Amino acid sequence: MKLRLDPNSTQPLHQQAEELLRTMIQQEEYKKGKLMPNEVELSKELNISRNTLRQAINRLVFEGLLIRKKGYGTTVAPQNVMSNARNWMSFSQEMHAQGMVVQNFELHISRKHPSQEAAAFLNAPEGTKLLCLERLRGRPGLPFVYFISYFNPAIPMTGEEDMAMPLYENLQKNYGIVVKTSREQIYARAASPDLADKLDISEGAPILVRKRFVLDVNDKPVEYNIGYYRADSFTYSIEFTND
């Protein structure tokens with residue numbers, strides 16, 4: 001691809017550079033993770049200052065289209081996982097609907113004391129340890145969400161279930177539980193050292209926290225789930241209709 005700007009155009013050079021970068025990041029090689037040309041090389045090739053080029057790059061970084069890593073370089077941001085507020089699905093279903101392959105990077109099953117909020121939702125007696133499922137998940141080579149789930153103690157889960165199977169299919173197949181409703185809360189926070197390490201981001205980088213309060217067809221609580229997402233890999237879509 002020949003990279004060229006028009007110094008005689010009425011369009012500012014930084015805007016021309018921005019348009020050129022938008023075209024570049026659509027190329028398959030960059031979508032697959034190839035590093036973008038470094039600023040020194042690219043500014044020389046375009047015959048513009050590094051400040052002008054950086055202005056264009058910063059715009060795409062701000063929009064979440066590029067990711068800049070100190071000491072590594074600039075790459076195209078991975079395609080975001082989209083979640084729709086009207087038609088909620090399990091993580092595996094969301095990934096499958098977008099043609100993405102799911103990979104489990106970590107999977108831990110234990111019994112733990114839940115948070116007060118989780119215990120209250122699941123009607124767990126005080127002091128009860130609940131089955132806790134922790135998973136670091138994403139697509140091959142990119143872990144971008146860490147899930148922690150607690151389950152209603154009335155569900156006779158043992159931890160020996162096939163956790164490679166989508167969770168809600170598992171519950172339906174083994175225990176006849178059909179989930180129906182997910183009440184959700186989403187908010188932003190800074191990544192703790194542990195979460196930053198798991199998600200391969202810098203400590204203090206933005207993450208999105210997504211809580212799910214899942215109920216079955218009889219409105220009985222099933223699962224309390226909290227997911228910590230890399231902010232550059234998750235988009236929550238909401239649609240409102242004015243009736």
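The values are calculated or read from the model by the stated rules, or taken from the named source; none is laboratory data. Source: prediction; values computed, not measured. Cβ placement follows ideal geometry from the backbone for every residue including glycine, while neighbour counts extend to all protein chains displayed. SASA here: full protein model, heavy atoms, side chains in, ligands and nucleic acids out. Shrake-Rupley method; radii C 1.70, N 1.55, O 1.52, S 1.80 Å.
When only the Cβ of Lys, Arg, Asp and Glu is charged (+1, +1, -1, -1), the dipole of the chain relative to its Cα centre reaches about 460 debye. Radius of gyration (Cα atoms) of the chain, expressed as a multiple of 2.2 N^0.38 Å: 1.25.
If you count only protein heavy atoms with a 1.4 Å probe, what accessible area per residue comes out for segment 91-230, rounded to a whole Å²?
On the way: 6920 Å² over 140 residues.
That works out to 49 Å² for each residue.
Considering only protein heavy atoms, what is the solvent-accessible area of ASP6 at a probe of 1.4 Å, reported in Å² to the nearest 10? Around 70 Å² of this residue is reachable by solvent.
3J(HN,Hα) along segment 219-224, derived from phi through the Karplus expression 6.51 cos²θ - 1.76 cosθ + 1.60 where θ = phi - 60°, amounts to 6, 8, x, 10, 9, 10 Hz, with x in place of Gly and Pro.
Residues in segment 13-76 average 62 Å² of solvent-accessible surface per residue, probe 1.4 Å, ligands and nucleic acids excluded.
Reducing segment 178-196 and segment 12-36 to their Cα centroids gives an inter-centroid distance of 32 Å. Within segment 107-159, none of the chymotrypsin sites (Phe, Trp or Tyr not before Pro) combine a DSSP coil assignment with at most 14 other C-beta atoms in a 10 angstrom radius.
Ordering PHE151, ASN8, LEU21 by the projection of their Cα atoms onto the charge dipole of the chain, which places +1 on the Cβ of Lys and Arg and -1 on the Cβ of Asp and Glu, puts ASN8 at the extreme positive end.
What the phi angles of segment 201-209 give under the Karplus curve with 6.51, -1.76 and 1.60, with θ = phi - 60°, is a coupling list of 10, 7, 4, x, 5, x, 10, 9, 9 Hz, glycine and proline written as x.
Return the sequence-ordered ³J(HN,Hα) values of segment 191-198 in whole Hz as given by the Karplus equation 6.51 cos²θ - 1.76 cosθ + 1.60 applied to θ = phi - 60°, using x for Gly and Pro. Rounded to whole hertz, the list is 6, 6, x, 5, 5, 4, 5, 5. Placing +1 on the Cβ of every Lys and Arg and -1 on the Cβ of every Asp and Glu, with no other charges, gives segment 13-76 a dipole of roughly 280 debye about its Cα centre. Here the chain exposes an accessible surface that is 48 percent carbon and sulfur, computed with a 1.4 Å probe and the other protein chains kept in place.
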